[in-house]
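The structure's right below; bear with me while I get my questions together.
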Amino acid sequence: MNEYKDIINIYDVNIKEEKDYERLIKLFGVKEIDDVILNNLKYLTGDLHVLLRRKFFYAHRDFDLLLNKYIEGKRFFLYTGRAPSKGKMHIGHLIPFLLTKWFQEKFNVNVYIQIPDEEKYWEKKADNYEEIREYALEDAKTIASLGFDPDKTFIFIDSEYIKNMYKAAIYVAREINLNTAKSVFGFDDSSAIGLPFYIALQIVPTFFERSIPLIPCGIDQDPYFRLQRDIAEKFGYYKASTILSKFVWGLQGPYTKMSASDPKSAIFIDDDYDTIKYKIFKYAFSGGRSTLEEHRKYGGNPDIDVSYFWLSVLFEEDDNKLKEIREKYIMGELTTGELKEYTVNKIWEFLSKIQERRKNINIDKFMYDGKLAREMWEWEFRI
Ligand code: TYM
């Protein structure tokens, strides 16, 4: 059960090559998202989000089953989250929220967004808890700005909402042994004792409704929901279905980390045009040749190029345009500078809309007084 800990554990994600993603499928016991599932989904939604079309969300648990049940008339709800630390949200953190928003739009279902302000503090990734609380609210605003429906979306910060969650946490925390927690997450003797308990807190929102929770998230989050699936039915709730994504590379190159605490590695959601341009031109690893002559003669390699990678994951939705960029880059017709310029503009087009919406966001609707939020402040766990 321990074989994947060098790739993913509670503290870290160390994907080094594409094969690691295939390994995780086997080690976690999840399934690949194949064309059959995507076609079934497209039948219901009419089109597919670019993150699905390009298979950046590449694995799942029971998503096929969820779709079949939906067709038979069963309901589902969406749940995902973001753990604030000392650092802002970057474009990698957006990935699960973008897909969650798309699902809400297509299926008109409730969305629950957890902001666990204790998690990264207990992981010792930040030393100042008061600072994390400030980031928690900032992150909530950023997430709300993606366009979620304020009457069907509940964003909650754990330390504020704990009174409603605690009863469920009591039930859940009894069902998971320390031994299991250790073997699934890789705690060691120096781990804070809050961390194994936190597992219960991330599971609780899967019981907010008596229907199937669908959880879009990075594959690093799957272990929580593997444990959820062992206990949910005991309480009369549904096993969670997860839909799992790969990781966006950092600026430094293929499979490097995008880190919230290192501005050289990441584009943040609130970066302005000049900052994005500066970072991409200065830091984005390029698959181009070292001189223009060589580039024209031998061409560039899009498969190791961070700008091209980001376009292919998210920022260039037009498949034909992406293909054209790829071919021109390989042929040396498109230079590194031109590719970077194009990427900067695409990212800015994307982020400026979010930043604009964020200026006028009424976060209270999502957290306290929208329709779903009001209902949730009355919510109580029942078995
Ligand atoms: P956190 O804050 O580390 O990350 C938030 C979400 O973003 C995903 N993610 C990425 N996805 C693609 N590329 C990247 N470079 C990248 N970096 C992070 C993460 O997988 C995650 O989905 N424990 C959670 C918070 C949480 C949660 C949840 C997540 C609470 N409840 C329910 C998913 C579902 C955390 O630390 O996320």
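The values are calculated or read from the model by the stated rules, or taken from the named source; none is laboratory data. Since the structure is predicted, the reported quantities are computational estimates derived from the model, not experimental observations. Methodologically, a virtual Cβ is constructed for each residue, glycine included, from the backbone with ideal geometry; neighbour enumeration extends over all protein chains shown. Please note that ligands, DNA and RNA were not included when accessible areas were found on the heavy atoms of the full protein model with its side chains. Shrake-Rupley method; radii C 1.70, N 1.55, O 1.52, S 1.80 Å.
Excluding Gly370 itself, what net charge comes from residues whose Cβ is under 10 Å from its Cβ, given Lys and Arg +1 and Asp and Glu -1?
Every neighbour counted, the sum reads -1.
Moving to a separate point now. Tell me, what is the per residue accessible area of segment 245-325 in Å², probe radius 1.4 Å?
Accessible area per residue, segment 245-325: 48 Å².
Using a Gaussian network for the chain with springs between C-alpha atoms less than 10 Å apart, which of these wobbles most: Ile115, Ile95, Ile330?
Ranking Ile115, Ile95, Ile330 by mean-square fluctuation puts Ile330 first.
Determine the share of segment 18-251's accessible area contributed by carbon and sulfur atoms, expressed in whole percent, with a 1.4 angstrom probe.
47 percent
Mind checking the full-extension length gain between Glu18 and Lys282? Use 0.36 nm per residue of separation minus the Cα-Cα distance, one decimal, nm.
92.5 nm
Net charge near Lys297: determine it from the other residues with C-beta under 14 Å of the C-beta of Lys297, scoring Lys and Arg +1 and Asp and Glu -1.
Its environment carries a net charge of -1.
Please compute the modelled spin-label separation between Leu178 and Asp6, points set 7 Å along Cα→Cβ, answer in nm with one decimal.
If labels sit at Asp6 and Leu178, their model points lie 2.8 nm apart.
For Phe107 paired with Glu32, estimate the spin-label separation in nm (one decimal), with each label point 7 Å from Cα along the Cα-to-Cβ line.
Going by the 7 Å Cα→Cβ label model, 2.4 nm.
Something else about it: Express in nm, to one decimal, how much length is gained between Glu324 and Asn128 on full extension, taking 0.36 nm for each residue of separation and deducting their alpha carbon distance.
65.8 nm
Now a separate question. Using alpha-carbon positions, what is the distance between the centroids of segment 106-130 and segment 257-295, in Å?
27 Å
Take the alpha carbon gyration tensor of segment 18-251, find the square roots of its eigenvalues, order them as a ≥ b ≥ c, and report rounded if a/c is under 1.5; if not, report prolate when a/b exceeds b/c, else oblate.
Rounded, since a/c falls under 1.5.
While we're here: Around Met258, which amide H atoms from residues at least 5 apart in sequence, or from another chain, sit under 5 Å from its own amide H, with H modelled in the peptide plane?
Gly250
Still on this structure, please answer the following. Suppose every Lys and Arg Cβ carries +1 and every Asp and Glu Cβ carries -1, with no other charges. What dipole size does segment 166-305 come out with about its Cα centre, to the nearest 20 debye?
In total the dipole reaches around 260 debye.
Then there's this: Quick one: if the Förster radius is 51 Å, what FRET efficiency do Phe235 and Glu293 give, using the C-beta to C-beta distance and rounding to 0.05?
0.15
Which FRET efficiency, nearest 0.05, do Asp47 and Asn345 yield, Cβ-Cβ r, R0 30 Å?
Calculated value: 0.80.
Could you give the length gained on full extension between Glu317 and Asn362, defined as 0.36 nm per residue of separation minus the Cα-Cα distance, in nm?
13.3 nm
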